[in-house]
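The values are calculated or read from the model by the stated rules, or taken from the named source; none is laboratory data. Since this is a predicted model, take the numbers as computed values, not measurements. Neighbour counts are summed over all protein chains in view; Cβ atoms, including those assigned to glycine, are modelled from backbone coordinates with ideal geometry.
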Amino acid sequence: MKSEQPSTLADRLAEFALATRFEDLPAAVVAEARRRFVDALGCAVGALHEPAPVLARRVAARFTGTPSARLVGGGRSTPDWAAFANGVHIRYLDCNDTYLSLEPAHPSDNWAAIAAAGEAAMADGKAWIAAAAVAYEAQCRLCDASSIRARGWDHTTYGSISATLAAAKLLGLSHEQTVSALGIAGTTGTALRLTRAGELSMWKGCAFAFAARNGVFAALLAAEGLTGPRPLFEGEMGFFEQVSGPFTLPKLGGTAAGDWMLPKTSIKFVPAEYHSQSAIAAAFELRPRIGDPGRIRSIAIATFKTAVEIIGKDPEKWRPQTRETADHSLPYCTAVALVDGAITARQFTAERLADPALLDLVARTTIVEDPELTAGYRAGIPNRVTVTLDDGSVLVAESAYPPGHDKNPLTDAQLAVKFNGLVDPVLGRQRGDQIWARSLHLEDDPRPHEILGLLDL
């Protein structure tokens, strides 16, 4: 570790990453890291038969090298390709954890880079957890610092930085090598917000996987001595000038659990964009009071500005043609939750998206921004759902802290229900129990990469 005061933000991030030790992490951070890891694995298994993960796995398996890393679903590839393919699996169902700030994020996407670099380095479970604490801290602090979405960039841009820090730490890079890796990944990982605008493509679930691959790729190059552009943030035509605007970061990490960002992230309880989770929770609350969904005359959703911008303004959200658009549609997710009483992969099949009765109900759904609800966002994700029935009666439910929110965390039992719901239909309960048991002892595992072998089809 460098002894002098870091002169740039990249220096400071590198110093933080390399200085973080598992032994110094608060017990609550370790415990929550285990829970985020097993949740990410559950999301990955649930996506094993989805088209984009299958495609990513097939392409990644064409490439071999030394070292190599396991692929979710079976096979091996180079570490960078493994990070990509495994990242697609973790993210594709839109069911992994989230962090809400000036820029939203899904920090468990970083586990793809951690697993790939961790296996390449033959790192133990303690090292994986320390790398996860670093990645979550960096990504969430960057999301607190500046909304790059407002400037036309995708949140996964920050992921190239966090994934690089995790990979550099696991691969044992020096300070100077880590700064170079950040320069390589940070200048190449700027992603357009087009990924999440209009009709969404398969790439929506792959964008952070590319950031994970980018981080591992940059760290592998820097480890061999390839230098990267610097100063990444402050330089002419650098990150501040071109992407985010200037910002500063507070202290990174600390001695108390509250100093770390990882426990402040939220676990999703259904596979849909996070800002819709409270509307879905409100819909679930209302459904028993409705009886026959055919009685619904109209749905009105009052929400906050960010939800309107991300999942409630594009015309495509009222008639989604793809799974990716549907799980990022506030009107669709709310309507199908009211009709089906569930949000699973079944609610996003081509047949369900084409159902005329459901689409008619989505068309009778309106969204308005409520300034009071906007004022309640980021402390919560407040949504109010008002249903008018065929007899003129009106039912209302409001939710700000859906199950899994950091102010309403899932218990281990609730997390297990989500995990088994994703894993059991694909791999069976016996295999699911093995994955669950080993993952929840991650810090004691000398060969955590073997856990991914339990995910083989």
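The C-beta contact set for region 341-353 (first residue assigned by TED's automatic domain parsing to the domain that holds residue 93, second residue assigned to a loop (DSSP other than H, G, I, E, B) and exposed (fewer than 13 other Cβ atoms within 10 Å of the Cβ), distance under 8 angstrom, 6+ apart or interchain) is empty. The residue of region 296-320 that is surrounded by the fewest Cβ atoms within 10 Å (Cβ to Cβ), among those that are modelled with pLDDT of 95 or more and of a type in the set (S, T, N, Q), is 298.
If you check 289, 230, 297 for being in contact (Cβ under 8 Å) with a residue 24 or more places away in the chain and assigned by TED's automatic domain parsing to the domain that holds residue 78, only one passes: 230.
Matching residues to (1) surrounded by fewer than 24 Cβ atoms within 10 Å (Cβ to Cβ); (2) out of contact with any Gly (no Cβ under 6 Å at 6 or more places or on another chain):
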| position | (1), (2) |
| --- | --- |
| 188 | yes, yes |
| 195 | yes, yes |
| 211 | no, no |
| 217 | no, yes |
| 224 | yes, yes |
| 242 | yes, yes |
| 275 | no, yes |
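Being modelled with pLDDT under 95 and either closer than 19 Å to residue 139 by Cα or surrounded by fewer than 22 Cβ atoms within 10 Å (Cβ to Cβ) (or both): is that true of residue 93 here? For residue 93, the condition - modelled with pLDDT under 95 and either closer than 19 Å to residue 139 by Cα or surrounded by fewer than 22 Cβ atoms within 10 Å (Cβ to Cβ) (or both) - is not met. Of everything listed in (1) farther than 20 Å from residue 52 by Cβ; (2) surrounded by fewer than 24 Cβ atoms within 10 Å (Cβ to Cβ); (3) under 19 Å from the mean Cα position of the chain (by Cα), the single unmet condition for residue 162 is (2).
For region 121-171, what are the residues that are among the hydroxyl-bearing types (Ser, Thr, Tyr) and in a helix (DSSP H, G or I)? Before the answer, list the steps.
Within region 121-171, the subset among the hydroxyl-bearing types (Ser, Thr, Tyr) is 136, 146-147, 156-158, 160, 162, 164.
Within region 121-171, 136, 156, 157, 158, 160, 162, 164 qualify.
Being touching a Phe, Trp or Tyr at 6+ places or on another chain (Cβ under 8 Å) and under 29 Å from residue 38 (Cα atoms): is that true of residue 377 here? For residue 377, the condition - touching a Phe, Trp or Tyr at 6+ places or on another chain (Cβ under 8 Å) and under 29 Å from residue 38 (Cα atoms) - is met.
Reported count of residues in region 380-401, each being loosely packed, with under 15 Cβ neighbours inside 10 Å, touching a residue at least 12 places away in the same chain (Cβ under 8 Å) and among the hydrophobic types (A, V, I, L, M, F, W, C), is 1.
As a summary of the residue check, residue 270 satisfies the conditions (1) farther than 27 Å from residue 31 by Cα; (2) buried (at least 22 other Cβ atoms within 10 Å of the Cβ) except for the one numbered (1). In this structure, residue 456 does not satisfy being farther than 23 Å from residue 22 by Cβ, free of Cβ contacts under 8 Å to residues at least 24 places away in the same chain and not hydrophobic (A, V, I, L, M, F, W, C). Within region 172-201, the residues that satisfy the criterion of being in a loop (DSSP other than H, G, I, E, B) and farther than 20 Å from residue 132 by Cα are 190, 191, 197, 198, 199, 200, 201. Residue 338 passes every criterion in (1) part of a loop (DSSP other than H, G, I, E, B); (2) without any contact (Cβ under 8 Å) to a residue 60 or more places away in the chain apart from (1). Of all residues in region 340-373, those being out of contact with any Phe, Trp or Tyr (no Cβ under 7 Å at 6 or more places or on another chain) and surrounded by 22 or more Cβ atoms within 10 Å (Cβ to Cβ) number 5.
For every residue, the table says whether it meets (1) part of a helix (DSSP H, G or I); (2) touching a His at 6+ places or on another chain (Cβ under 9 Å).
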| residue | (1), (2) |
| --- | --- |
| 39 | yes, no |
| 49 | no, no |
| 53 | yes, yes |
| 59 | yes, no |
| 72 | no, yes |
| 85 | yes, no |
